[in-house]
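The values are calculated or read from the model by the stated rules, or taken from the named source; none is laboratory data. All values reported here derive from a predicted model rather than from experimental measurement. Note that we place each Cβ from the backbone using ideal geometry, even for glycine, and neighbour counts take in every protein chain shown. Note: accessible area is taken over every heavy atom of the protein model, side chains too, but ligands, DNA and RNA are not part of it. Shrake-Rupley method; radii C 1.70, N 1.55, O 1.52, S 1.80 Å.
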Amino acid sequence: MASLREKLKALEELQQIDLESHEVRTGLAGLPARKAVVEAKVLEARKAYDAHKALLESNERERRQIETLLAMERDKVKKWEGRLGEIKTPREYAALSREIDIAKKTNESQSEQSRALTDAALQLRLQLEQKGEALSDAEDATEASLAALEQERIAAEATLEGLTGRRAGAVALVDPELLGKYENIRKRRAGVAVSPVVGSTCKGCHRNIPPQLSIVLQRVDSIETCPNCHRIIYSAAAVNPGVPPPSP
Ligand SMILES: [Zn+2]
């Protein structure tokens, strides 16, 4: 059977382990959100690239349509010009000539539009190339960040496993009743159930305990709780003699 001093030391150890475990678990719980932030960056770059690619494709589609129509319209003008020689009356000749002029003007403006689209496409292609590079950089950075986060997860899991093993060792030294008390206080007191008393100050609530209780603590033969914060308290000097007291 462990002595009371050993039990208190085990509680102290348990407290340390539980606080560390809590911190590690909090870190693990935060990993998905951090992963999402990293992934959002590459998604954003991909969205910008895709949107720009769609612009370029729409430009090319429009230009192809114009070129197809233009080829047909030019053929039509050629046919009409061929037909001019066969026309018998000046009136018909004038009418067809006018049609040809109008068609040529329309074709010229369509041809200009096609050239403008070609110029715009040149610019769009350059910008797309830049966005492609930005995307590839973002993908590389994301891959590296995700790998680092995964390493962090693996390390945290390993730490947690070690802490779980250590916890079992500490729990074995504490009887079930005391362990139950510890767990109860831990739930109600923000995870801290055990506090050393340094001088006459409880390190859990930073208030002084009555002088009589200080004397009782020196004896290390009973489990006492702080009258103010209700945590299990022990005299740091009596339980861990020769160890410098914990800093505030
Ligand atoms: Zn206290």
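When A237 is tested against (1) in contact with a strand residue (DSSP E or B) (Cβ under 8 Å, 6 or more places away or on another chain); (2) within 11 Å of the ligand (Cβ to nearest atom); (3) of a type outside the set (D, E, K, R); (4) open to solvent by 40 Å² or more (accessible area, probe 1.4 Å), just one condition goes unmet, and that condition is (2). Of all residues in segment 1-17 being open to solvent by 60 Å² or more (accessible area, probe 1.4 Å) and basic (K, R), which is nearest to the chain's Cα centre (by Cα)? The extreme case among them is K9. Taken over segment 18-35, residues that are within 17 Å of the chain's Cα centre (by Cα) and open to solvent by less than 70 Å² (accessible area, probe 1.4 Å) amount to 5.
When R231, R153 are checked against the criterion of being within 16 Å of the ligand (Cβ to nearest atom) and either within 17 Å of K7 (Cα to Cα) or out of contact with any strand residue (DSSP E or B) (no Cβ under 7 Å at 6 or more places or on another chain) (or both), R231 stands alone in meeting it.
Inclusion of E44 among residues that are open to solvent by 30 Å² or more (accessible area, probe 1.4 Å), under 27 Å from A168 (Cα atoms) and either in a helix (DSSP H, G or I) or at pLDDT below 95 (or both) is not warranted. Within segment 198-212, the set of residues being crowded, with 19+ Cβ neighbours inside 10 Å and either among the aromatic types (F, W, Y) or more than 8 Å from the ligand (Cβ to nearest atom) (or both) is empty. Provide a single number: the residues in segment 187-196 that are over 34 Å from the mean Cα position of the chain (by Cα) and either within 8 Å of the ligand (Cβ to nearest atom) or of a type in the set (G, A, S) (or both). Result for segment 187-196: 1.
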